[in-house]
Amino acid sequence: MTTTRPTTSPVRNIALWVLQIAVAGYFLMSAMAKFTNVEPAASTFEAIGFGDWFRHLTGVLEVAGAVALVVPPLAGLAGLALAVLMVFATLTEAFVSKGGVVTPLVLLVLCALIAWSRRSATARLRSRISAGR
């Protein structure tokens, strides 16, 4: 009789879910700041020079990513997408608004950790999408 081992231990899986929920909560709060035009979101996006539409687009991407982080088949892909978003946020903070890069870098690492830890779910999602073609 053969048995299959789970890819992650139950404790690690729970810790990962706690991390995903915490990161999703942060991105939801960040998006709300962008939608309500509070500082430092207002001045940061003003410095970028793309206008309010870009601030709102970023907020929408953060909400979509936060929601996808708590949907099991989408969590890895959401982590990857949010990590990419945080690469651009870090570069913007460093070179455009001359702000602190610690927060976006920490979020980048956490999102990358989620993406890596949920890569098997992302692979299954890719297989399902490929099979539907």
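The values are calculated or read from the model by the stated rules, or taken from the named source; none is laboratory data. Quick caveat: nothing in here was measured; it's all calculated off a predicted structure. Virtual Cβ from ideal backbone geometry, glycine too; neighbours counted across all protein chains shown. For accessibility, only protein heavy atoms count, side chains too; no ligands or nucleic acids. Shrake-Rupley method; radii C 1.70, N 1.55, O 1.52, S 1.80 Å.
Dividing the summed -39500 (n - 2.57) terms of all DSSP H runs of n ≥ 4 by the residue count of the chain sets its mean residue ellipticity at 222 nm at -26000 deg cm²/dmol. Remark: spin-label model distance SER130-GLU39 equals 5.1 nm, labels positioned 7 Å along the Cα→Cβ axis. Sorted into 10 angstrom bins from 0, the C-alpha pair distances of segment 80-119 split as 37, 47, 15, 2 percent. Take the Cβ atoms of VAL67 and PHE95, set R0 to 41 Å, and the FRET efficiency comes out at 0.85.
Ranked by accessible surface with a 1.4 Å probe, highest first, in what order do ARG126, ARG119 come?
Numbers: ARG126 175, ARG119 120 Å².
In descending accessible area the options line up as ARG126, ARG119.
Residue-wise HN-Hα couplings along segment 50-65, as the Karplus relation 6.51 cos²θ - 1.76 cosθ + 1.60 with θ = phi - 60° gives them from phi, are 8, x, 5, 4, 6, 4, 5, 4, 4, x, 5, 4, 5, 5, 4, x Hz; Gly and Pro carry x. Here the chain is treated as an ellipsoid with the same Cα gyration tensor; its semi-axes, largest first and in whole Å, are 32, 16, 12.
Please sort 28-40, 73-85 by packing, taking for each peptide the average over its residues of neighbouring beta carbons within 10 angstrom, highest first. Write out the running numbers ahead of the final one.
Values: 28-40: 14.4, 73-85: 21.0.
So the peptides 28-40, 73-85, ranked by packing, come out 73-85, 28-40.
Based on alpha carbons, the Rg and Dmax found for segment 24-63 are 9.2, 27 Å.
Quick one: in segment 38-90, what % of C-alpha pairs are over 16 Å apart? Show your work: numbers first, answer last.
Numbers: 636 of 1378 pairs.
Everything past 16 Å amounts to 46 percent.
Mind putting a number on the dipole of segment 36-133 about its Cα centre? Charges go on the C-beta only, +1 for Lys and Arg and -1 for Asp and Glu, and I need it in Debye to the nearest 20. Walk me through the numbers on the way to the answer.
On the way: 8 positive and 5 negative charges, 154 e Å.
Here the size comes out at about 740 debye.
Give me the net charge for the shell around LEU107: Cβ to Cβ below 13 angstrom, other residues only, Lys and Arg +1, Asp and Glu -1. Around LEU107, the surrounding residues sum to -2. A simple spin-label model places pseudo-atoms 7 Å from Cα toward Cβ; at ALA47 and TRP17 they are separated by 4.0 nm.
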